[in-house]
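**Student:** Supplied in structure tokens, the structure appears directly below.
The values are calculated or read from the model by the stated rules, or taken from the named source; none is laboratory data. Because the structure is a prediction, the values reported are computed rather than measured. Positions of Cβ are generated from backbone atoms using ideal geometry, with glycine treated the same way; all protein chains shown enter the neighbour counts.
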Amino acid sequence: MCGIVGYIGNEKASDVILKGLERLEYRGYDSCGITYYDPKQKTFITNKDRGRVLKLLNSYKYPDDNHFAIGHTRWATHGVANQNNSHPHFSQSQRFVIVHNGVIDNHKELVFKYLNNYEFVSDTDTEVIANLVEEFSHKLSIEEAIRKTISLLEGSFAFLIIDTENIDTLYAVKNKSPLLIGESKNGIVLGSDVLAFINYAESYYLLEDNSFIIIKRNNGDFSFKIMDTIGFELEKPEKHKMDFVTDEIGKAGYEHYMLKEISEQPAVIRKIMSQYMVGNELKVSPKITNMFEGIKKVYILAAGTSYHAGLIGRVYFEEIAKIPAEVFIASEFAYNEPLIEPNSLFVLISQSGETADIRSCLLNVKEHGFKTLTITNVSSSTLAREADNYLNIFAGTEIAVASTKAYVGQIAVLAILANTLSKQHSLDLVSEMSRAAVSMENIIDKRDYISEVVGCSIKSHDCFYIGRGLDYFVCLEAALKLKEITYMNTMGIAAGELKHGTMALIEKDVPVIAIISQEHINNNTRSNLEEAKAREATPLIISLENTSKGNDDIVLMDVHRLLSPLVTVIPAQLIAYYKAVELDYDVDKPRNLAKSATVE
Ligand code: G6P
């Protein structure tokens with residue numbers, strides 16, 4: 001979702017902002033903008049519009065001596081994606097300029113109470129923040145005006161604000177939405193993600209909620225101080241070194257990040273194995289297993305693809321570790337709290353570690369004293385920091401909005417966790433995971449064949465995946481992938497449920513793809529597919545060698561029954577990828593979607 005970048009320093013600020021915004025593109029956005037100070041004209045210039053950062057870069061000239069700027073990628077929440085609603089926004093008199101990530105829940109009440117005489121030019125809640133600061137600045141210092149504004153805001157927000165009468169100071173505020181500070185000898189950069197700092201910072205700091213940061217230029221030096229919202233200066237948080245391998249964030253010769261990330265999946269499994277290898281076993285540390293002592297039930301909370309990994313995790317907890325488990329979509333759990341067993345532990349699964357729906361659950365269950373464990377790809381993320389412990393999935397930066405390698409990473413780590421907790425260590429995970437990685441590699445190598453299958457068989461605007469048990473959970477993920485990047489109307493259905501309603505949608509040439517990796521339900525799923533065939537659907541079967549029959553379309557090298565999701569998901573990811581390419585869609589940045597969903 002929205003990304004923000006701010007800079008004050010010696011470099012050309014517009015470059016820092018626009019490169020930073022490009023690095024944040026993966027978060028998803030539909031408009032973008034920049035405000036920079038032009039010293040020759042002695043004024044702030046703003047360029048903003050619907051569309052891509054590349055347009056901001058190519059359509060305008062930026063003077064070499066601009067050294068102070070803020071920028072934004074907007075994922076529309078309040079108001080459509082157009083130029084007017086793009087950030088930066090100004091206060092009524094144009095004195096204050098702001099970029100904001102998050103949602104101000106009480107913006108209407110604030111307008112009613114404090115800003116009756118103000119005219120608003122956009123539909124956004126952001127303009128309210130700028131105008132509140134302006135309103136309070138008539139009687140208070142700027143710092144006090146910002147602090148008073150923060151004290152009134154309800155919701156999630158990270159924002160940068162410039163007082164155009166002071167070209168040496170940038171103000172920043174963080175509460176719930178992500179914001180980090182990067183530092184180098186040459187200046188200070190702020191951003192929603194550390195990726196925005198690459199090439200412009202040597203180190204960075206993670207900020208706590210309710211931080212108010214003042215960044216100053218002072219005789220060629222740059223400094224910042226962090227205060228709480230009352231005005232007390234806080235100690236600087238731990239300094240982290242920027243240690244990004246630039247390779248990790250390039251496309252490495254692939255046409256799209258998504259294809260690169262799909263291809264990296266066997267390597268992700270091997271990386272996870274190397275990270276969790278203890279002696280000759282795959283294990284989580286005693287610090288994690290100790291958390292499960294006396295635990296009677298595990299609740300898994302997640303969203304999107306991570307929720308689909310969670311469904312598989314539930315099977316692992318129950319079948320391997322013999323601990324009862326339930327999975328909830330985080331945004332549902334937040335508002336329909338079930339009756340929770342007292343000795344429960346919460347596992348939060350999140351690629352980004354920033355999903356607002358999950359975070360609100362985390363804060364809630366922590367308040368009730370439950371133990372919490374995050375499984376994430378980003379060890380510096382909010383969920384990793386705020387849960388009692390976290391497990392890293394070591395998938396490397398995932399840039400494509402449609403998640404692929406993080407999903408298999410989450411499943412692999414869930415398997416290792418459940419197996420460590422099982423009294424018998426029931427699975428020989430070292431050999432089973434190695435085998436799964438080879439099977440994954442096999443199908444990735446045959447990706448041209450999948451592209452042919454797509455060309456021949458996926459021709460309608462609808463598509464259905466059917467499966468049972470673990471296969472059904474993969475069907476949910478397979479359908480999500482296809483709808484995310486091809487905009488096709490796709491559903492993942494429990495094969496046995498097809499006849500209970502969805503069959504009404506099956507007609508000539510609609511693809512119905514069955515995933516069959518579990519021998520005990522092999523014939524059942526095949527019968528359900530026959531029923532669809534009888535309605536002239538186009539059938540496709542993805543099976544494993546030991547569940548395959550006759551002319552199954554995609555047959556995958558055998559893997560352990562419980563690890564089959566690691567492999568069966570890959571043809572589904574490739575089907576989505578090649579269909580999106582065929583339709584000429586923006587594979588890595590699908591419309592309307594955000595990689596990191598930082599608003600509830
Ligand atoms: C967004 C992304 C999805 C992702 C979901 C949960 O909607 O577009 O790809 O699965 O958020 O994200 P998380 O980072 O918590 O796994």
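**Student:** How many residues are within 18 Å of L556 (Cβ to Cβ) and either among the β-branched types (V, I, T) or loosely packed, with under 12 Cβ neighbours inside 10 Å (or both) when one looks only at segment 521-540?
**Tutor:** As a first pass, look at segment 521-540 and keep what is within 18 Å of L556 (Cβ to Cβ): 521-522, 525-526, 529, 539-540.
If we keep only those that are either among the β-branched types (V, I, T) or loosely packed, with under 12 Cβ neighbours inside 10 Å (or both) too, we end up with 521, 525.
Residues that pass the stated criteria total 2.
**Student:** Against the conditions (1) within 16 Å of the ligand (Cβ to nearest atom); (2) in contact with a strand residue (DSSP E or B) (Cβ under 6 Å, 6 or more places away or on another chain); (3) modelled with pLDDT of 95 or more, where does A580 fall short? Just the number, please.
**Tutor:** Every listed condition holds for A580 apart from (2).
**Student:** Kindly check whether there is at least one residue in segment 108-116 that is crowded, with 24+ Cβ neighbours inside 10 Å, in contact (Cβ under 8 Å) with a residue 24 or more places away in the chain and not in a loop (DSSP other than H, G, I, E, B).
**Tutor:** So the first thing to find is which residues in segment 108-116 are crowded, with 24+ Cβ neighbours inside 10 Å, and the list is none.
So far as segment 108-116 goes, no, none of its residues is crowded, with 24+ Cβ neighbours inside 10 Å, in contact (Cβ under 8 Å) with a residue 24 or more places away in the chain and not in a loop (DSSP other than H, G, I, E, B).
**Student:** Here is a list of conditions, (1) more than 16 Å from the ligand (Cβ to nearest atom); (2) on the phi > 0 side of the Ramachandran plot; (3) surrounded by 21 or more Cβ atoms within 10 Å (Cβ to Cβ), and K322 meets all of them except one; can you say which number that is?
**Tutor:** (3)
Residues checked against (1) of a type in the set (D, E); (2) at pLDDT 95 or above; (3) not assigned by TED's automatic domain parsing to the domain that holds A402:
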position: D228; (1), (2), (3): yes, no, yes
position: F232; (1), (2), (3): no, no, yes
position: Y254; (1), (2), (3): no, no, no
position: Q265; (1), (2), (3): no, yes, no
position: I269; (1), (2), (3): no, yes, no
position: I300; (1), (2), (3): no, yes, no
position: I312; (1), (2), (3): no, yes, no
position: Y316; (1), (2), (3): no, yes, no
position: A321; (1), (2), (3): no, yes, no
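**Student:** Tell me the residue from L427, L391, L421 that is in contact with a His (Cβ under 8 Å, 6 or more places away or on another chain), more than 13 Å from the ligand (Cβ to nearest atom) and within 24 Å of G279 (Cβ to Cβ), please. Lay out the reasoning, then the answer.
**Tutor:** Values: L391 fails: in contact with a His (Cβ under 8 Å, 6 or more places away or on another chain); L421 fails: in contact with a His (Cβ under 8 Å, 6 or more places away or on another chain).
Residue meeting the stated conditions: L427.
**Student:** I would also like to ask the following. Name the residues in segment 184-200 that are in a strand (DSSP E or B) and crowded, with 23+ Cβ neighbours inside 10 Å, would you? Walk me through how you get there before you give the answer.
**Tutor:** The first filter runs over segment 184-200 and keeps only residues in a strand (DSSP E or B), leaving 184, 187-191.
If the condition is that a residue be in a strand (DSSP E or B) and crowded, with 23+ Cβ neighbours inside 10 Å, then I188, V189, L190, G191 are the ones that fit.
**Student:** Identify, by number, the condition in (1) near the ligand (Cβ under 9 Å from one of its atoms); (2) in contact with a Pro (Cβ under 6 Å, 6 or more places away or on another chain) that A402 doesn't meet.
**Tutor:** (2)
**Student:** Okay, next question. With respect to the numbered conditions (1) buried (at least 24 other Cβ atoms within 10 Å of the Cβ); (2) within 16 Å of the ligand (Cβ to nearest atom), which one is the sole condition not fulfilled by L593?
**Tutor:** The failed condition is (1).
**Student:** Does segment 482-499 hold any residues that are more than 16 Å from the ligand (Cβ to nearest atom) and in contact (Cβ under 8 Å) with a residue 12 or more places away in the chain, and which are they? Step through it out loud before you land on a result.
**Tutor:** Here is the first cut: in segment 482-499, the ones more than 16 Å from the ligand (Cβ to nearest atom) are 488-489, 491, 493-499.
The answer is M488, N489, M491, I493, A494, A495, G496, L498, K499.
**Student:** Let me ask something additional. Output the residues belonging to segment 331-351 that are within 16 Å of the ligand (Cβ to nearest atom), closer than 22 Å to A415 by Cβ and not hydroxyl-bearing (S, T, Y). Explain how you work it out, then say what you get.
**Tutor:** Narrowing segment 331-351 to residues within 16 Å of the ligand (Cβ to nearest atom): 331-334, 346-351.
Now restrict to residues that are closer than 22 Å to A415 by Cβ: 346-351.
Correct list: F346, V347, L348, I349, Q351.
**Student:** Now, a different point. Report whether or not A436 is assigned to a helix (DSSP H, G or I) and crowded, with 22+ Cβ neighbours inside 10 Å. Let's see the steps before the verdict.
**Tutor:** Values: assigned to a helix (DSSP H, G or I): yes; crowded, with 22+ Cβ neighbours inside 10 Å: yes.
Yes; evaluated as a whole, the condition is true for this residue.
**Student:** Condition (residue is in contact (Cβ under 8 Å) with a residue 40 or more places away in the chain, within 14 Å of I162 (Cα to Cα) and among the β-branched types (V, I, T)) applied to segment 28-41: is it met by at least one residue?
**Tutor:** yes
**Student:** Please specify each residue of segment 352-375 satisfying the condition of being among the charged types (D, E, K, R) and within 9 Å of the ligand (Cβ to nearest atom).
**Tutor:** Listed by number, the residues that qualify are E354, D357.
**Student:** Take segment 300-318 and flag every residue that is within 16 Å of the ligand (Cβ to nearest atom) and hydroxyl-bearing (S, T, Y).
**Tutor:** T305, S306, Y307
**Student:** If you don't mind, another one. Quick one: which of L24, L54, L18 is surrounded by fewer than 15 Cβ atoms within 10 Å (Cβ to Cβ) and either under 30 Å from Q351 (Cβ atoms) or in contact with a Gly (Cβ under 8 Å, 6 or more places away or on another chain) (or both)?
**Tutor:** On the way: L24 fails: surrounded by fewer than 15 Cβ atoms within 10 Å (Cβ to Cβ); L18 fails: surrounded by fewer than 15 Cβ atoms within 10 Å (Cβ to Cβ).
Checking each option against the conditions leaves just L54.
**Student:** In addition: Of V378, V327, which residue is over 23 Å from F473 (Cα atoms), within 14 Å of the ligand (Cβ to nearest atom) and crowded, with 22+ Cβ neighbours inside 10 Å? Spell out how you get there, then give the answer.
**Tutor:** Details: V327 fails: over 23 Å from F473 (Cα atoms).
Of the residues listed, the single one that is over 23 Å from F473 (Cα atoms), within 14 Å of the ligand (Cβ to nearest atom) and crowded, with 22+ Cβ neighbours inside 10 Å is V378.
**Student:** Related question: Considering only residues that are within 19 Å of Y487 (Cα to Cα) and in contact (Cβ under 8 Å) with a residue 60 or more places away in the chain, which ones fall in segment 585-596?
**Tutor:** Going residue by residue through segment 585-596, those that are within 19 Å of Y487 (Cα to Cα) are 585-595.
Those that are within 19 Å of Y487 (Cα to Cα) and in contact (Cβ under 8 Å) with a residue 60 or more places away in the chain: Y585, V587, D588, K589, P590, R591, N592, L593, A594, K595.
**Student:** Just one of A402, A418, A406, A387 is among the hydrophobic types (A, V, I, L, M, F, W, C) and free of Cβ contacts under 8 Å to residues at least 60 places away in the same chain; which is it?
**Tutor:** Values: A402 fails: free of Cβ contacts under 8 Å to residues at least 60 places away in the same chain; A418 fails: free of Cβ contacts under 8 Å to residues at least 60 places away in the same chain; A406 fails: free of Cβ contacts under 8 Å to residues at least 60 places away in the same chain.
Answer to the check: A387.
**Student:** Still on this model: What's the number of the only condition in (1) crowded, with 24+ Cβ neighbours inside 10 Å; (2) at pLDDT 95 or above that D558 fails to meet?
**Tutor:** (1)
**Student:** Taking only segment 117-137 into account, find how many residues are under 19 Å from E600 (Cβ atoms) and either at pLDDT below 95 or surrounded by fewer than 24 Cβ atoms within 10 Å (Cβ to Cβ) (or both). Explain how you work it out, then say what you get.
**Tutor:** If we filter segment 117-137 for residues that are under 19 Å from E600 (Cβ atoms), which is where we start, we get 124-126, 128-129.
After this cut, where a residue has to be either at pLDDT below 95 or surrounded by fewer than 24 Cβ atoms within 10 Å (Cβ to Cβ) (or both) as well, the list is 124-126.
Summing the residues that are under 19 Å from E600 (Cβ atoms) and either at pLDDT below 95 or surrounded by fewer than 24 Cβ atoms within 10 Å (Cβ to Cβ) (or both) in segment 117-137 gives 3.
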